[in-house]
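Starting off with a structure, shown below.
The values are calculated or read from the model by the stated rules, or taken from the named source; none is laboratory data. Remember, it's a predicted structure, so these values are computed and weren't measured experimentally. Note: ideal-geometry Cβ built from the backbone for every residue, glycine included; neighbour counts use all protein chains shown. Quick note on the areas: whole protein, heavy atoms, side chains included, nothing else; ligands and nucleic acids left out. Shrake-Rupley method; radii C 1.70, N 1.55, O 1.52, S 1.80 Å.
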Amino acid sequence: MNGVVMDGDDIEKLRKALAAEHAAVFAYGLLGARTTGALRDLTGAAYDAHRAHRDQLRNLITSRGGRPSESQPSYALPYVPTGGAQAARLAAQVENGVTAAYLELAAARDAALRKYAALAMQESATRAYAFQPSPPAAFPGMPGSGPPPTPSPSRSGG
């Protein structure tokens with residue numbers, strides 16, 4: 001990204017998005033192991049997309065002189081899915097949480113980061129719809145639109 005603006009606030013916003021991507025990679029690892037067929041293909045593609053975003057965010061942080069956060073050993077999920085419908089619902093929740101995490105980055109000082117955030121939000125909103133086709137929120141990720149939180153680090157570490 002040309003014209004990099006060295007801004008500590010932007011680095012913090014990048015770190016928050018990175019934390020959401022770490023959690024999404026964890027969640028999709030679990031979902032991939034618990035799904036089959038077309039749903040497994042969707043979760044696999046989402047896993048790959050979140051890993052790519054995770055790696056891009058790490059590079060964006062380090063290129064700005066920041067230190068990227070590392071993933072947690074484990075993340076607490078709202079529930080462990082026991083079937084395809086629950087897995088699809090959890091995947092949609094993960095995507096909605098990722099969309100919300102990128103919302104703050106969309107207010108970065110650096111225009112290139114704002115564009116990156118907007119595109120990432122579009123991708124995650126589209127994936128959420130693929131898992132749970134329902135009318136999307138008017139402004140996904142905005143407070144009051146009801147996006148579930150992303151998985152959080154597990155307190156037990158395992």
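If a residue must be open to solvent by 30 Å² or more (accessible area, probe 1.4 Å), in contact with a helix residue (DSSP H, G or I) (Cβ under 9 Å, 6 or more places away or on another chain) and among the polar types (S, T, N, Q), how many such residues does the stretch 56-112 contain?
Count: 6.
Taking into account only those residues within the stretch 57-75 that are part of a helix (DSSP H, G or I) and in contact (Cβ under 8 Å) with a residue 40 or more places away in the chain, which is nearest to Ala112 (Cα to Cα)? Lay out the reasoning, then the answer.
Quick first cut of the stretch 57-75, residues part of a helix (DSSP H, G or I) only: 57-63.
Those left that are additionally in contact (Cβ under 8 Å) with a residue 40 or more places away in the chain: 57-58, 60-61, 63.
Working: Leu57: 13, Arg58: 15, Leu60: 11, Ile61: 13, Ser63: 13 Å.
My answer is Leu60.
Across the stretch 4-35, which residue is farthest from Ser63 (Cα to Cα) among those that are of a type outside the set (Ser, Thr, Tyr) and in a loop (DSSP other than H, G, I, E, B)? So that I can check it myself, show each step before the final result.
Going residue by residue through the stretch 4-35, those that are of a type outside the set (Ser, Thr, Tyr) are 4-27, 29-34.
Narrowing the set further to residues that are in a loop (DSSP other than H, G, I, E, B) leaves 4-7, 34.
Values: Val4: 9, Val5: 11, Met6: 9, Asp7: 12, Arg34: 37 Å.
By that ranking, first place goes to Arg34.
Which pairs do you get when a residue that is assigned to a loop (DSSP other than H, G, I, E, B), found in the stretch 101-119, comes within reach of a residue that is among the basic types (Lys, Arg), reach meaning Cβ atoms under 7 angstrom, with the pair 6+ apart or on two chains?
Close Cβ pairs satisfying both conditions: Ala106/Arg114; Ala108/Lys13; Ala108/Arg114.
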